[in-house]
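Please treat every number below as a calculation from the coordinates, not as lab data. These numbers come from a predicted model, not from an experiment. Counting neighbours? That spans all protein chains shown, and the Cβs are built from the backbone with ideal geometry, glycine included.
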Amino acid sequence: MENGGAVVAEVPDEMTELGFWLEWRARAAAYARAFGGLTREDREDVAAGAVERAYAALESYDRSRPFAPWFFTIVRRVALDAVARGREYPAGPERFEAEVSRGEEAESAMTREGEAAFVRDFVAKLSERDRELAHLIHGEDLNVGEAARILGIPVGTAKWRLHEIKKALRKAWEREYGEA
């Protein structure tokens, strides 16, 4: 279903709690990595708590709007609550291991792993807010407007931050590999 250019996730009226859990728990745990410092167990607790909260609140979800931003707003609140309880914050770039390589198909696995490690290290060094923005856009495939709404920032600010992240990655890449 489309809504102003954004794809609206279908949430069936008869979705069971188990179906909802299976569909969204892994994505919630992946997003919790953007907050970093949380152990795997902490991330699973955040994911479970967020999915339970979202399922319980499904009646309040406006089905004319995209589902993912609504859901990830809940995940974010649960993660921030976990952090406020004294858990550590920043960094888990595991989700950002997208291949940076644009080389030939025959490129060695060793080179690709080096590039993936470079991107992981770069993402780990980003500020918490930039890691979170990058995860929502590149890890969860949300558009800039949806990510901005989840983070509670203006769309223009999100676009500017994303531009700055990409510019910094390009410069770091050129320093490391001497190419864009």
Note on segment 14-84: alpha-carbon gyration tensor, axes a ≥ b ≥ c; rule is a/c under 1.5 for rounded, else prolate if a/b larger than b/c, else oblate; result prolate
At a Förster distance of 41 Å, what's the computed FRET efficiency of Glu176 paired with Ala56, Cβ-Cβ distance as r, to 0.05?
0.30
Could you list Leu142, Leu136 in order of exposure, starting from the residue whose Cβ has the fewest other Cβ atoms within 10 Å?
Leu142, Leu136
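Going by C-beta contacts inside 10 Å, put Trp24, Trp173 in order with the fewest on the left.
By the 10 Å Cβ count, ascending: Trp173, Trp24.
For Leu22 and Arg129 in one chain, what is 0.36 nm times their gap in residues minus the Cα-Cα distance, to one decimal in nm?
Length difference between fully extended and current span is 35.7 nm.
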